[in-house]
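Have a look at the structure below, then the notes.
The values are calculated or read from the model by the stated rules, or taken from the named source; none is laboratory data. Just so it is clear, the structure is predicted and the values come from calculations on it, not from any experiment. All Cβ positions, even for glycine, are placed from backbone atoms using ideal geometry, and neighbour counts span all protein chains on display. Protein only, heavy atoms only, side chains kept; ligands, DNA and RNA dropped before computing areas. Shrake-Rupley method; radii C 1.70, N 1.55, O 1.52, S 1.80 Å.
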Amino acid sequence: MRVCYLLGYPVGHSMSAVMHNAAFEEMDLRYRYDLRGVSPEKLGAFMTREMREQAVRGANVTIPHKVAVMGHLDEVDREAVAIGAVNTIVNEGSSLKGYNTDGIGAISALEEAYGGLEGVKAVIVGAGGAARAIGYRLSSLAGAIIILNRTAGRAEELAGHLSSTPECKAHIATSHLSRPALEDALRKADILINTTPLGMTPSVEGTPVDAGLIQPGTLVFDTVYNPLRTRLLREAEAAGARTLSGLRMLVYQGAAAFRLWTGLEPPVETMYRAVAEALGEEWV
Ligand code: NAP
């Protein structure tokens with residue numbers, strides 16, 4: 001039996017455990033996914049000893065370890081270096097390599113919902129870790145990206161970083177998150193992406209965008225997946241826009257981790273159904 005961990009602190013109930021264990025079971029694999037709460041003070045010791053054990057195949061990494069863990073790995077994949085955070089680790093014969101699958105997870109979800117992303121005009125609200133991961137992949141495909149953030153300096157820093165990567169093809173602009181800036185940006189956008197926690201349980205009435213600003217024909221992607229249908233998505237639907245839940249991103253970033261651990265093609269729909277059911281029963 002091989003084990004994959006979710007490494008965080010604290011770690012409570014986890015949708016990653018639900019979806020990976022459903023996938024391992026469906027494919028009859030001798031793997032299991034366990035939660036491991038490791039405090040920041042104990043991270044180094046955990047990475048040196050337990051993570052390198054033969055039975056441990058890998059881990060997902062969550063708050064607060066996504067950046068700190070990079071200092072405890074033997075190798076970090078190029079994309080994770082560019083994003084500045086690791087969310088997946090593979091243990092290969094006691095050598096640990098870090099990856100970041102959030103960007104590919106988001107792009108797979110977007111391509112499924114929208115089609116080819118070459119030349120699209122996208123608005124990203126937020127400039128934290130999720131925006132960084134999505135922005136890195138999207139900037140290699142999109143024609144233009146506008147990043148709107150509560151702290152304007154953070155949006156500028158992210159835009160500067162993305163523009164400096166050799167993969168970047170998009171023109172990247174930024175603005176402070178305000179109604180006029182949103183109104184202007186959304187008039188020209190094909191895709192709107194929320195990467196802020198606004199609308200997430202328990203503050204489900206939060207939304208980063210006033211309903212009146214959403215244009216019909218836009219694809220509105222909320223990275224929040226709890227609840228499944230956020231206020232932003234409900235209002236987007238009412239405005240005639242297409243919508244995409246963060247659950248598809250969660251599943252596709254998990255699917256990418258599954259491929260790295262097992263070398264096998266993951267049962268994506270089983271993973272999706274397992275999480276949707278768990279969210280439906282417990283949180284929505
Ligand atoms: P983060 O690094 O803390 O960044 C949060 C961003 O949201 C920052 O830009 C922050 O603005 C902004 N923000 C926070 N509260 C706000 C408010 N009240 N009003 C306006 N802006 C606000 O967090 P993260 O790691 O990027 O995660 C953000 C969200 O992404 C999570 O809540 C999660 O729902 C989602 N996510 C989903 C997946 C998935 O698989 N579906 C994966 C990763 C993340 P400032 O810079 O001004 O602080």
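Quick notes
- Output for region 85-139, where each listed residue is in contact with a Phe, Trp or Tyr (Cβ under 8 Å, 6 or more places away or on another chain) and away from the ligand (no atom under 16 Å from the Cβ): Ile89, Val90, Val120
- Close contacts from region 238-252, counting a first residue that is of a type in the set (Gly, Ala, Ser) and a second that is near the ligand (Cβ under 7 Å from one of its atoms), with Cβ to Cβ under 6 Å and a gap of 6+ residues or different chains, come to Ser245/Tyr225; Gly246/Thr223; Gly246/Val224; Gly246/Tyr225.
- For region 232-279, filtering for residues that are open to solvent by less than 70 Å² (accessible area, probe 1.4 Å) and over 27 Å from Val3 (Cα atoms) leaves 10.
- The strands (runs of 3 or more DSSP E) found entirely in region 22-93 that carry 2 or more residues being open to solvent by 60 Å² or more (accessible area, probe 1.4 Å) are 31-37.
- Residues satisfying the stated conditions in region 210-231, i.e. in a loop (DSSP other than H, G, I, E, B), modelled with pLDDT of 95 or more, open to solvent by 30 Å² or more (accessible area, probe 1.4 Å) and in contact with a Gly (Cβ under 6 Å, 6 or more places away or on another chain): Pro216
- Filter pass, Ile146 being crowded, with 23+ Cβ neighbours inside 10 Å, over 29 Å from Phe258 (Cβ atoms) and more than 9 Å from the ligand (Cβ to nearest atom): yes
- Selection within region 158-209: residues that are more than 13 Å from the ligand (Cβ to nearest atom) and acidic (Asp, Glu). The member of this set that is surrounded by the most Cβ atoms within 10 Å (Cβ to Cβ) is Asp190.
- Criterion: within 21 Å of Phe258 (Cα to Cα) and either at pLDDT 95 or above or open to solvent by less than 40 Å² (accessible area, probe 1.4 Å) (or both) - qualifying residue of Ala155, Ala130: Ala130
- Every pair of residues 6+ apart whose Cβ atoms lie under 9 Å, when the first sits in region 168-179 and is over 23 Å from Glu79 (Cβ atoms) while the second is within 13 Å of the ligand (Cβ to nearest atom) and open to solvent by 90 Å² or more (accessible area, probe 1.4 Å): His176/Arg150; Leu177/Arg150
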